[in-house]
Amino acid sequence: MTETRSMTRGKAGMPVYINRRLMNYYWERLKKNRLSLVGLGFIVFLALVGIFGPLFVQDPQKVDFEIKNMPPLGCSIQESVYDIKTSEFTTTLINGRADHPLGTDSKGRDMLAMLIAGSRISLLVGLLASGMAIFLGTFIGVLSAYLGGWVDNALMRFTDIMMTFPFFLLLVLIVFIFGPSLAIIVLVIGLTGWTGAARLIRSEALSLRTRDFITASKALGASDARVMFNHLIPNVISLIIVMATLSIPGVIMAEAALSFIGLGDPMSTSWGTILNTGQHSLDTAWWVAVEPGIMLFFTVLSFNFFGDGLRDAFDPKASV
Amino acid sequence: MSSAQILQVRGLKKYFRVISGLIPRLSGEIKAVDGVSLAIGEGEVLGLVGESGCGKSTLGKTIMRLEEPTSGEIIFNGVDVVKLKKKDLQAMRGKLQIVFQDPDSSLDPRMTVGGSIEEALIVHGVQDPAERNDRVAGLMEKVGLEAGFVDRYPHEFSGGQKQRIGIARALAMDPQLIIADEPVSALDVSVQAQILNLMMDIKDRDGLAYMFVSHDLSVVKYISDRVAVMYLGKIVELADKREFFQNPLHPYTEALLSAIASLRPASKERILLKGDVPSPLNPPAGCRFHTRCHRVMAICPHSEPEFREVAPGHYVACHLYA
């Protein structure tokens, strides 16, 4: 017993909400959902690639026109060159090369290096922006539900107003005004994306608020802050995790879309910016657009599968 | 009854405002507690009985100021609780505690039971973690649970065990009065007896008082020193337990007592109440019980009976004894 005690208690003897038996139970339930495991596997792979990958490849921004539009390994394209002296077209066959396994773009930049750099940017933006959005949503939702009355009314009407903003237009506008940088993009997505989370968490907290253990805590003389942080938030934590997971793909897509229309951070390589360069050369170098597209597709799918699996695992009423 | 009074309630009212309509406006008031006066002595158990919806739980919560009273006085330990500022109220709360009906919802599912009990100590400024651990272990043993269970979560316990933990939490700051809001009605009969005995043992050892809210007269008969009957937000009869069960005066009390299952049927004629409890949104004029009373008189719908002492220590609000 003393062993578990040290495991589950923090320094000051405060409980730290890690219930290993419960975690095991959730993990067992999650494991039954194969798709969500595949999703989790891909996310972990992507994270590793994003963290360590850039150490092993060349600089993604390195331009070399000698090797532009090199196809991926195993593919080949025909290139016609007009020779002025002989007034003839000479057609050469260009094969993919092992030193650029995923080909190069129209400026001769290595696609593999760019995709790896892009995975770092996409995950970073996804995690930071949804982290921020969920944090704000939790804060506003719990505060609104717990305090009730006019505070609740004011916060929820504010949420309604935020919800009516066409989010993407706002994003475009702000990026246009302040200039494209990753920090601005993260801030804007984080500051506008919290509304759904706030509503969901408010409704959950509203039903928790009337439970006897909240009343008991108040009856003991616990402060409002204590009730919120020690009782309300721990009881919505599974909801928070699920929502964070499910909101990441939306953020990644939003960043990619911004970069695609040319409002991404020009100093960084993201999947969206690669897509943007790829769209101009779809007829000559299809892989430049297709490769980041495939990465986006599988990333978004993985987060959705994993999020769905988590939701079912946390919901005792769902059969897995 | 006994010497000093730990709690005195005078003219306590709790009205819930009903706001409805597209343009929100006050459309009525639910008079959940409507002018209740009672007193509880040191180490005394006051049983409070009544049908569901009569306001007995609200009365308990209002006395603790978990609901803000509309008007009235609540003197606990010589201090008017109603007038206390938030800070003083929180300090007072360790001495005035509550035990809930539903053991499943009264413990935080995400907190160890030790953590739930310990919270009381943290809130009331016990700084030393080692001291807190010792006291939590002591409380667990006091309610008949192994001290080693502190790191378990509520879902690992039975209903009776959870109720014991709820009691341990209430006992953490050595309260003088515990409001027990139907503490055994969600439990099996065999477990009910264990919890009642535990509560009696703790009372005898620590000399604390209970306000024991229940709709079960046999439970109240077992644990109480005095019994109060509540009907539609008002107390209609209050007497010592012996007097109450042997010589009930109010027709409503008669009806309640006649409904107790007995091993000797036909010893008393059963009084069947007609209809439901009227809505507290719009209680009947005069005596609130007149719509269902089997001894209703001409005066009852017109004049509200006074709550009077008709025999030493026996109070009743009924025109029959005016």
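A short reminder: the numbers here are calculations on the coordinates, not readings from a lab. Only a predicted model underlies this, so the values are computations on that prediction, with no experimental measurement involved. Cβ placement follows ideal geometry from the backbone for every residue including glycine, while neighbour counts extend to all protein chains displayed.
What does the structure give for B:148-157 when I average, per residue, the other chain Cβ atoms found within 10 Å of the residue Cβ? Present the calculation step by step, with values, prior to reporting the outcome.
Values: counts 4, 1, 6, 11, 5, 5, 1, 3, 2, 0.
Across the residues of B:148-157, the mean count of other-chain Cβ atoms within 10 Å is 4.
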Taking the dipole of the protein assembly as shown about the Cα centre (Lys, Arg +1; Asp, Glu -1; charges at Cβ), the one of B:I75, A:P180, A:L282 that reaches farthest to the positive side is B:I75
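According to the Cα gyration tensor, what semi-axes, each the square root of 5 times an eigenvalue, does the equivalent ellipsoid of the range A:209-270 have, listed from largest to smallest in whole Å?
Working: eigenvalues 371, 28, 11 Å².
Result for the range A:209-270: semi-axes of 43, 12, 7 Å.
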With Cα coordinates, the longest principal axis of chain B makes an angle with the long axis of helix B:189-206, in degrees rounded to 10, of 70
Please compute the Cα-Cα pair-distance distribution of the range A:13-151 with 10 Å bins starting at 0, giving whole percents from short to long. 10, 19, 23, 18, 13, 9, 5, 2, 0
Hey, what angle do you get for helix B:113-123 against the long axis of chain B, alpha-carbon based, 0 to 90 degrees rounded to 10? 90
Cα coordinate range in the range B:110-224, projected on the principal axes (Å, largest first): 43, 30, 20
Report, in degrees rounded to the nearest 10, the 0 to 90 angle that the Cα long axis of helix B:159-171 makes with the longest principal axis of chain B. 80
What's the magnitude of the charge dipole for the protein assembly as shown around its Cα centre, counting Lys and Arg as +1 and Asp and Glu as -1 at the beta-carbon? Answer in Debye, nearest 20. 1320
Can you list residues from other chains, or at least 5 along the same chain, whose modelled amide H is less than 5 Å from the amide H of B:L145? none
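Give the average over all directions of the projected area of the C-alpha convex hull of the range A:247-320, one decimal, in nm².
Values: hull surface 23.5 nm².
Averaging across all directions leaves 5.9 nm² for the Cα convex hull.
Counting only DSSP beta bridges with both residues in chain B, tell me the antiparallel percent, nearest 5. Before the final figure, lay out each step's value.
Values: 31 of 49 bridges.
Looking only at bridges with both residues in chain B, the antiparallel portion is about 65 percent.
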If you average 1/r across every pair of different Cα atoms in chain B and take the reciprocal, what Kirkwood value do you get, in Å? 21.0
Positive end of the dipole of the range B:5-321, charges at C-beta (+1 Lys, Arg; -1 Asp, Glu), about the Cα centre: which of B:L198, B:I299, B:I6 has its Cα farthest in that direction? B:I299
Quick check on the range B:174-322: what does the Kirkwood estimate of hydrodynamic radius come out to from the alpha carbon pairs, in Å? 17.0
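Rg to Rh ratio, the range A:160-218, alpha-carbon atoms and Kirkwood radius? Intermediate results must be reported in sequence, preceding the final value.
On the way: Rg = 17.3 Å, Rh = 13.8 Å.
Computed over Cα atoms, the ratio is 1.25.
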Please list the three semi-axes, largest first and in whole Å, of the ellipsoid equivalent to the protein assembly as shown, using sqrt of 5 times the eigenvalues of its alpha carbon gyration tensor. 70, 27, 20
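Hey, with R₀ at 51 Å, roughly what FRET efficiency would B:R270 and A:F165 work out to, going by the Cβ-Cβ distance, to 0.05?
Values: r = 67 Å, r/R0 = 1.32.
With R0 = 51 Å, the Cβ-Cβ based efficiency is 0.15.
Quantify how much of the Cα-Cα distance distribution of the range A:63-106 extends past 17 Å, in percent.
On the way: 361 of 946 pairs.
That fraction is 38 percent.
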Cα lying deepest toward the dipole's positive end in the protein assembly as shown, options A:H231, A:L263, B:L38, charges on Cβ: B:L38
Could you tell me the largest-minus-smallest coordinate of the C-alpha atoms of chain A on each of the three principal axes, in descending order and whole angstroms? 96, 48, 36
Roughly how big is chain B's charge dipole about its Cα centre, with Cβ charges of +1 (Lys, Arg) and -1 (Asp, Glu), in debye to the nearest 20? 940
Under a Cβ-only charge scheme (Lys and Arg +1, Asp and Glu -1), can you give me the dipole magnitude of chain A about the Cα centre, in debye to the nearest 20? 1680
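Counting only DSSP beta bridges with both residues in the protein assembly as shown, what percent are antiparallel, rounded to the nearest 5?
Antiparallel bridges make up about 70 percent of those DSSP assigns within the protein assembly as shown.
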If each of A:S223 and B:A193 carries a label point 7 Å out from its Cα toward its Cβ, how far apart are those two points in nm? 4.8
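Counting other C-beta atoms within 10 Å, and keeping those with at most 15, which DSSP coil GluC sites (Glu not before Pro) do you find in the range B:218-322? All intermediate terms of the calculation are to be shown ahead of the outcome.
Details: sites: B:E237, B:E243, B:E254, B:E269, B:E306, B:E309; in loops: B:E269, B:E306.
In loop regions of the range B:218-322 (DSSP not H, G, I, E or B), the sparsely surrounded GluC sites (Glu not before Pro) are B:E269, B:E306.
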Once label points are set 7 Å from the Cα along Cα→Cβ at both A:K68 and A:S207, what is their separation, rounded to one decimal in nm? 6.0
What fraction, in whole percent, of alpha-carbon pairs in the range A:20-79 exceed 14 Å separation? 76
Per DSSP H run of at least 4 residues, take -39500 (n - 2.57); add these up for the protein assembly as shown, divide by its residues and hand me the 222 nm value, nearest 500 deg cm²/dmol. -15000 deg cm²/dmol
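Relative to the present Cα-Cα distance, how much length would full extension add between B:A285 and B:K85 at 0.36 nm per residue of separation?
Values: separation 200, 0.36 × 200 = 72.00 nm, distance 3.66 nm.
That works out to 68.3 nm of additional length.
Set the Förster distance to 51 Å, then compute FRET efficiency between A:L127 and A:E88 from the Cβ-Cβ distance, nearest 0.05.
Working: r = 55 Å, r/R0 = 1.08.
FRET efficiency, A:L127 to A:E88: 0.40.
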Span-rule helices in chain A, defined as complete DSSP H runs reaching 30 Å or more along the axis (Cα) with Kyte mean at least 0.5: A:111-147, A:233-260, A:287-314
What average count of beta carbons from other chains do you get within 10 Å of the Cβ of residues in A:308-315? 0
Considering only C-alpha atoms, what is the centroid distance from the range A:268-300 to the range B:71-95, in Å? 68
I'd like the Kirkwood hydrodynamic radius of the range A:110-174, using the inverse of the mean 1/r over distinct C-alpha pairs, in Å. 14.4
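Multiplying the sequence separation of A:S181 and A:E28 by 0.36 nm and subtracting their Cα-Cα distance, what value in nm do you get? Intermediate results must be reported in sequence, preceding the final value.
Numbers: separation 153, 0.36 × 153 = 55.08 nm, distance 4.16 nm.
Result for the pair: 50.9 nm of gain on full extension.
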What number, in percent, do you get for the relative contact order of chain A if the mean sequence gap of Cα pairs under 8 Å and at least 6 apart is divided by its residue count? 23
Relative contact order [Cα under 8 Å, 6+ residues apart], chain B, whole percent: 20
